[in-house]
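The values are calculated or read from the model by the stated rules, or taken from the named source; none is laboratory data. Worth saying up front: this structure is predicted, and the values here are computed from it rather than measured. When we count neighbours, we look across all protein chains shown, and the Cβ atoms used for this are built from the backbone with ideal geometry, even at glycine.
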Amino acid sequence: MKILVVSHSYIVKLNCEKFRLLAQLDPSLEVTIVVPKKWRPGGVMKDTIYPEGWQDGNFRVVPIANFSENNQGALCFGLELVGLLKTFRPDVIQVEQGSKSLAYAQLITLNKLLGLKAKMLFFTWWNLPYSLKFPFSALENYNLKNTNGIVVGNKAGFEILRDKGYDRPMEIMPQLGVDETLFKPQDSTKIRTQLGILDHEFVIGFVGRFVPEKGLHTLLKAVAKLGNRSFKLLLLGRGELKDELLKMAQEMGLGDRLIQLDSVKHDEVAQYISAMNTLVLPSETTYQFKTLTAIGWKEQFGHVLIEAMAAQVPVVGSDSGEIPNVISDAGLVFPEGDAEALSNRLAQLIDDRSFADNIGRSGYQRCIANYTNTALAKDLLAFYRSL
């Protein structure tokens, strides 16, 4: 089976691991990933990226000249793509730019014109109800009509596509898995010592952006209710709320218990997660409905949860978006925005360390079974074969 994957996400080599491992599952598999030759991610990554092609056995990444350098929906490719399709002749084409993607329409059309007869799939994270006006409605209708299967990052996205009338196969799985060789149970003594954390202190951790939708105000209110329990709050990340959160912590009397670190390299995050006794993702839904369109955000997955689970660190998450489905019964869930409920969950873990250890082991087992790159590669290959 020859598999062609198209997405700007794979300009980052680390993100390719699921498909690199998929190519190793069967010697008859060949996997080619197409990425834009030039991409401007925006956000904290301000520099333009010029990815290089690379290969590992029957897996390769091929940069191709692109139109639009920073808009996912408008991304499409030059004539090099036609040459690649003619020589590679894929059996499966998966475009990971959503249902309204120009690149997906481009690949559908080339699949027809070149007579490839490849199965067409796309991946989407989108988990808010929406309506479209022409010409975007026509673009999505064309894409859905010519789709053999969809990989959806969350349950809400699955239900939205069913409501829109798509009745062919769909699979729910995240775009990226966790690297269990990096995120794993490990000795955290060195990091805890560097951070001034005593052996008996329970570390409540957060990793992510300091923005309103991540629920950090609720987290601070929750830990303030823990009284004289021995704990530290470790916030790893950065964002617009940093100064406000630090001030809020001082006003609540949490100044000597708070450790704030700016973002670190991805391969160093695992060390800090292992220094935590629990990781909290207190995300809060921010969207409002206007007719059939939702404006705003709710948690699409929560990748940091599976990183903590892989490290055998107990996780606590709000019930925003996909979080309860990721955690399932292998962690603790609280109603989003409810500081009292979150505080109670944290108190459970602090007061009963054996309970916390059991939660950590359950999360680890769930992650290894479902969310490693290897596990996702096997599930994805099974989905391809079913089509």
Can we say Gly205 is in contact (Cβ under 8 Å) with a residue 60 or more places away in the chain and not assigned by TED's automatic domain parsing to the domain that holds Pro36? yes
Exactly one of Asn154, Asn148, Asn127 is of a type outside the set (D, E, K, R) and out of contact with any Pro (no Cβ under 9 Å at 6 or more places or on another chain), and that one is Asn127
May I ask you to list the residues in the stretch 37-56 that are more than 28 Å from Gly239 (Cα to Cα) and surrounded by 15 or more Cβ atoms within 10 Å (Cβ to Cβ)? Lys37
Residue in the stretch 229-237 that is outside any helix (DSSP H, G or I), modelled with pLDDT of 95 or more, surrounded by fewer than 20 Cβ atoms within 10 Å (Cβ to Cβ) and in contact with a Ser or Thr (Cβ under 7 Å, 6 or more places away or on another chain) present: no
Gly115 - would you say it is at positive phi, at pLDDT 95 or above and not assigned by TED's automatic domain parsing to the domain that holds Val326? yes
Can we say Asp179 is out of contact with any Pro (no Cβ under 8 Å at 6 or more places or on another chain), of a type outside the set (A, V, I, L, M) and free of Cβ contacts under 8 Å to residues at least 24 places away in the same chain? no
Looking at Leu14, Leu81, Leu21, can you tell me which residue is more than 23 Å from the chain's Cα centre (by Cα), assigned to a helix (DSSP H, G or I) and not charged (D, E, K, R)? Leu81
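For every residue, the table says whether it meets (1) touching a strand residue (DSSP E or B) at 6+ places or on another chain (Cβ under 8 Å); (2) more than 25 Å from Ile368 (Cα to Cα); (3) in a loop (DSSP other than H, G, I, E, B).
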residue: Glu180; (1), (2), (3): yes, no, yes
residue: Asp187; (1), (2), (3): no, no, yes
residue: Ile191; (1), (2), (3): no, no, no
residue: Gly253; (1), (2), (3): no, yes, yes
By residue number, the members of the stretch 182-219 that are of a type in the set (A, V, I, L, M), within 26 Å of the chain's Cα centre (by Cα) and farther than 30 Å from Thr285 by Cβ are Leu182, Ile191
Among the listed residues Gly196, Gly255, identify the single one that is surrounded by fewer than 21 Cβ atoms within 10 Å (Cβ to Cβ), assigned by TED's automatic domain parsing to the domain that holds Val315 and without any contact (Cβ under 8 Å) to a residue 24 or more places away in the chain. Gly255
Here are some residues: Glu284, Glu307. Which one is modelled with pLDDT of 95 or more, in the same structural domain as Asn344 (by TED's automatic domain parsing) and under 30 Å from Thr189 (Cβ atoms)? Glu307
Residue check for Leu219: in contact with a Pro (Cβ under 7 Å, 6 or more places away or on another chain), surrounded by 21 or more Cβ atoms within 10 Å (Cβ to Cβ) and not in a loop (DSSP other than H, G, I, E, B): yes
In the list Leu241, Leu246, Leu233, which residue meets the criterion of being under 28 Å from Asp357 (Cβ atoms) and among the hydrophobic types (A, V, I, L, M, F, W, C)? Leu233
